[in-house]
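The values are calculated or read from the model by the stated rules, or taken from the named source; none is laboratory data. All figures in this text were calculated on a predicted structure; none of them were measured in a lab. As a convention, Cβ positions derive from the backbone with ideal geometry for all residues, glycine included, and neighbour counts pool all protein chains shown.
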Amino acid sequence: MLVSIASALGQDVHLSQFYETPLLRNPALAGIFTGDIRIQAVYRNQWQSIGFPYQTTSLSGEYKFHIGPDDDYMTAGLQAYYDVAGASRLKTTQVMPAITFHKSLHAEKNRYLSAGFMAGFVQRQFDASNLTFDNQYTDRHFDPYAPTGENFAFLRRTFMDFAVGLSYNSSMGQTGNFYTGIALYHFNKPKENFLQEEFLLDPKVVFNAGMHMPVNDLVDLKAELNYILQGKYNELMLGGIVSYNLNDAYKADDNVTNVAVGAGLFMRVNDALVPVIKISYGHAEFGLSYDANISRLKTASQGRGGYELSISYRGLLSNSSALNDVRCPRF
């Protein structure tokens, strides 16, 4: 149990549809979207087939607005998630407000350098009622009522957490866009403990990249990459989605800005293949993905990992919106 807690404290949650959680990737990626408001929700259920599932719910929101006499703008955001993991029901709740400044580097407003900062709190707690300990085994028999011999100092801990990031985005060709960035999470090295021994949460470095390239009037290509370094743990995930625009084939009312269907494939290297389907209708987007396990755990999991659902809304709050003030990448 002590080993499992130490491992849990050493890694953050991860989501296969990471491109739907920009603030979990890099606070400087806030505001890189079409429109001036975006709300995103993601739900993940993993390892249901081999025991206690790992369930993660993420919710984020962003609002961007023009500032100053130039083409600069800012984004205010909020990232929250709730995660439940394993037999101990280790629960993690995070609430992190964010602020990002986007500096225009070109008169045509298609090159931006962004700097973001997030600060908030994280709370962790667990339930020891499902755990067993060696003191409960007597004469080779397990007695659930026997004393565990454990004295937990705390079953709930709360600590402050911080993150900073930089990103650069620009146009690519006539209609394409790309971005790249780097972020540092937990640079304050927060301390937490459930027993008397303290654990330090390792700082996490995240490299980000992505591009959007319309192939023609009907077909779009989006590619995404995320690379994480945290202590001894590292993760590389990359892939892309091809979308087909149905606007010309589907008679939509004036409130619908886009109707499209898409499919793609991502890979978490040495861990899982992740097919994705995506549907866009108006300002809303819906995504469904499934992790097909290819790691050494596939014998126990029978290749089953977990599914993930995402919902995203992008909109405009006024006619004088950021869409008219800045030419950020059209993602």
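The table below lists the values:
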{"read-out": "THR100 of a type in the set (Ser, Thr, Tyr) and within 16 Å of the chain's Cα centre (by Cα)", "value": "no"}
{"read-out": "Residues that are buried (at least 18 other Cβ atoms within 10 Å of the Cβ) and at pLDDT 90 or above, drawn from the stretch 38-54", "value": "ARG38, GLN40, VAL42, ARG44"}
{"read-out": "Test: residue in the stretch 163-170 that is within 22 Å of TYR54 (Cα to Cα), in a strand (DSSP E or B) and modelled with pLDDT of 90 or more", "value": "no"}
{"read-out": "Enumeration of residues in the stretch 178-199 that are at pLDDT below 90, surrounded by 14 or more Cβ atoms within 10 Å (Cβ to Cβ) and not in a loop (DSSP other than H, G, I, E, B)", "value": "GLU192, PHE199"}
{"read-out": "Extreme residue, surrounded by the most Cβ atoms within 10 Å (Cβ to Cβ), among residues of the stretch 200-231 that are outside any strand (DSSP E or B) and in contact (Cβ under 8 Å) with a residue 40 or more places away in the chain", "value": "LEU201"}
{"read-out": "Those strands (runs of 3 or more DSSP E) lying entirely in the stretch 36-150 with at least 1 residues among the charged types (D, E, K, R) and without any contact (Cβ under 8 Å) to a residue 60 or more places away in the chain", "value": "54-66, 90-104"}
{"read-out": "Residue that is farthest from LYS64 (Cα to Cα) [pool: residues in the stretch 102-128 that are of a type in the set (Phe, Trp, Tyr) and buried (at least 18 other Cβ atoms within 10 Å of the Cβ)]", "value": "PHE126"}
{"read-out": "Residue in the stretch 115-125 that is at pLDDT 75 or above and within 26 Å of MET172 (Cβ to Cβ) present", "value": "yes"}
{"read-out": "Residue check for ASP71: more than 23 Å from THR21 (Cβ to Cβ), surrounded by 15 or more Cβ atoms within 10 Å (Cβ to Cβ) and in contact with a strand residue (DSSP E or B) (Cβ under 6 Å, 6 or more places away or on another chain)", "value": "yes"}
{"read-out": "Positions within the stretch 55-68 being farther than 30 Å from ALA107 by Cα and either crowded, with 19+ Cβ neighbours inside 10 Å or not β-branched (Val, Ile, Thr) (or both), in sequence order", "value": "GLN55, THR56, SER58, LEU59, SER60"}
{"read-out": "Of all residues in the stretch 280-331 being at pLDDT 70 or above and aliphatic (A, V, I, L, M), the one that is surrounded by the fewest Cβ atoms within 10 Å (Cβ to Cβ)", "value": "LEU317"}
{"read-out": "All positions within the stretch 78-92 that are within 14 Å of the chain's Cα centre (by Cα) and not hydrophobic (A, V, I, L, M, F, W, C)", "value": "GLN79, TYR81, TYR82, ASP83"}
